[in-house]
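Mind looking over this structure? Questions follow.
The values are calculated or read from the model by the stated rules, or taken from the named source; none is laboratory data. Only a predicted model underlies this, so the values are computations on that prediction, with no experimental measurement involved. Every residue, glycine as well, gets a Cβ built from its backbone with ideal geometry; the counts of neighbours run over all protein chains shown.
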Amino acid sequence: MNAKVEDIVNNQDKTAKSTIPWGMIGSIILAITAPFFYLNGKAYHDGYLGYFKLEPSMFPLDTSATFVTAVVAWFHAMTGGMQGGLKFIGQHWPWVSTTGLAIILAFGLLNYLRARLTSNINRKRQAENKSQTPAPNPSLLRELGKCLFYLVFLNYGIFSVMFLISFILMTTITPFMFVGQKSAADDLQDGFKDSPLVTLTDPSGAKGTYRLMQCSAAFCALYADGKAITVPVTALNWAVSDLSERLPKATSE
């Protein structure tokens, strides 16, 4: 009985120990990706509002809303990338097929030559005596070359790290600004038909209907007739969303 209890305790200890590294790795990945994910949502939000010449600071997002916006941005980026890739393949399928075949043949030939060379070397080693070769004599030129290599490698290493950080920031922010602008262009093309409809009185006293673009805690952006206007939230007291298209249609016998 005691042996069974010890086995159970040992298994639990092994399971607990095996989950700790994965939890640490997950926490590290989350800590690294969270700032970039936040930048994705912020860039998408700024790009979307900037397309309509609206000031993003008038429509700030809190942290949770920024991460939700980042999810939307990634969705649009993935769908846009897939559509663009499929469209490119459909338009240039002969070139894509030829390039893919050439890459397969090239890497296949290189792997074959490498395997054949390795096989020949192994055969020669088996045929030779297993006597230990003497260590090479020190060389001044070799040592100078090592110092030069380490110096150049250090300088290029620092440059590579700086370039990598700049490249990550550029690829993290810029594409999602374009994704936000692309989504804004699609909404503008559709006239914000899926947005709620509000009725307001302009400064001249004329009433007009507008589509709701986006709201913050203080301001709302509205659209009508190719123009985007910004009004205080207190100016809105009624918004209507047309849901008739989503209602089941009555079937007549």
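Looking only at region 202-216, which residues are outside any strand (DSSP E or B) and touching a Pro at 6+ places or on another chain (Cβ under 8 Å)? Show your work before the answer.
Step one: filter region 202-216 for residues outside any strand (DSSP E or B), giving 202-206, 216.
Matches in region 202-216: SER216 only.
In region 54-66, how many are crowded, with 17+ Cβ neighbours inside 10 Å and assigned to a helix (DSSP H, G or I)?
1
Residue check: is SER64 over 16 Å from PHE176 (Cβ atoms), modelled with pLDDT under 80 and out of contact with any Asp or Glu (no Cβ under 7 Å at 6 or more places or on another chain)?
no
Tell me which of these THR199 doesn't satisfy, since it passes every other one: (1) over 17 Å from PRO56 (Cα atoms); (2) among the hydroxyl-bearing types (Ser, Thr, Tyr); (3) part of a helix (DSSP H, G or I).
Against the list (1) over 17 Å from PRO56 (Cα atoms); (2) among the hydroxyl-bearing types (Ser, Thr, Tyr); (3) part of a helix (DSSP H, G or I), THR199 comes up short only on (3).
Hey, another quick one. Could you look through region 26-53, keep only residues that are among the aliphatic types (A, V, I, L, M) and crowded, with 20+ Cβ neighbours inside 10 Å, and pick out the one that is nearest to VAL68 (Cα to Cα)?
Out of the qualifying residues, it is ALA43.
I would also like to ask the following. Only one residue in LEU164, LEU154, LEU188 is within 24 Å of GLY81 (Cβ to Cβ), of a type in the set (A, V, I, L, M, F, W, C), at pLDDT 75 or above and surrounded by fewer than 11 Cβ atoms within 10 Å (Cβ to Cβ), so which one is that?
On the way: LEU154 fails: within 24 Å of GLY81 (Cβ to Cβ); LEU188 fails: surrounded by fewer than 11 Cβ atoms within 10 Å (Cβ to Cβ).
Result: LEU164 is the single residue among LEU164, LEU154, LEU188 that is within 24 Å of GLY81 (Cβ to Cβ), of a type in the set (A, V, I, L, M, F, W, C), at pLDDT 75 or above and surrounded by fewer than 11 Cβ atoms within 10 Å (Cβ to Cβ).
Next question. Identify, from the list LYS124, LYS87, the residue that is modelled with pLDDT of 85 or more and loosely packed, with under 14 Cβ neighbours inside 10 Å. Full working, then the answer.
Values: LYS124 fails: modelled with pLDDT of 85 or more.
Every option except LYS87 fails the conditions.
Let me ask something else. If we scan region 96-112, do we find a residue that is of a type in the set (Val, Ile, Thr), surrounded by 13 or more Cβ atoms within 10 Å (Cβ to Cβ) and closer than 23 Å to ALA228 by Cβ?
So in region 96-112, the residues of a type in the set (Val, Ile, Thr) come out as 96, 98-99, 103-104.
Then keep just the ones that are surrounded by 13 or more Cβ atoms within 10 Å (Cβ to Cβ); that gives 96.
Among the residues that remain, those that are also closer than 23 Å to ALA228 by Cβ are: none.
No, every residue in region 96-112 fails to be of a type in the set (Val, Ile, Thr), surrounded by 13 or more Cβ atoms within 10 Å (Cβ to Cβ) and closer than 23 Å to ALA228 by Cβ.
Residues that are without any contact (Cβ under 8 Å) to a residue 40 or more places away in the chain and not aromatic (Phe, Trp, Tyr): does region 172-184 have at least one? Before you say what the answer is, go through the steps one by one.
The initial filter retains those residues of region 172-184 that are without any contact (Cβ under 8 Å) to a residue 40 or more places away in the chain, namely none.
No, there is no match, as no residue in region 172-184 is without any contact (Cβ under 8 Å) to a residue 40 or more places away in the chain and not aromatic (Phe, Trp, Tyr).
Return the residue satisfying two criteria in turn: it lies in region 202-221 and is surrounded by 10 or more Cβ atoms within 10 Å (Cβ to Cβ) and over 19 Å from LEU61 (Cβ atoms), and of such residues it is modelled with the lowest pLDDT.
Here is the first cut: in region 202-221, the ones surrounded by 10 or more Cβ atoms within 10 Å (Cβ to Cβ) are 202, 208-216, 218-221.
Going one step further and asking which of them are over 19 Å from LEU61 (Cβ atoms), we end up with 202, 208-211.
Values: ASP202: 83, GLY208: 88, THR209: 90, TYR210: 92, ARG211: 92.
Applying the filter and picking the extreme gives ASP202.
Before we move on, is LEU49 of a type in the set (A, V, I, L, M), assigned to a helix (DSSP H, G or I) and farther than 30 Å from ALA221 by Cβ?
Values: of a type in the set (A, V, I, L, M): yes; assigned to a helix (DSSP H, G or I): yes; farther than 30 Å from ALA221 by Cβ: no.
No, not satisfied.
Show the residue pairs that are 6+ apart or on different chains and have beta-carbon atoms under 6 Å apart, the first residue being within region 191-210 and within 12 Å of LEU236 (Cβ to Cβ), the second being of a type in the set (Ser, Thr, Tyr) and part of a loop (DSSP other than H, G, I, E, B).
Close Cβ pairs (under 6 Å, with a partner that is of a type in the set (Ser, Thr, Tyr) and part of a loop (DSSP other than H, G, I, E, B)) amount to PRO196/SER241.
Moving on. Do you know which residues across region 211-253 are out of contact with any helix residue (DSSP H, G or I) (no Cβ under 9 Å at 6 or more places or on another chain), among the polar types (S, T, N, Q) and in contact (Cβ under 8 Å) with a residue 12 or more places away in the chain?
SER241
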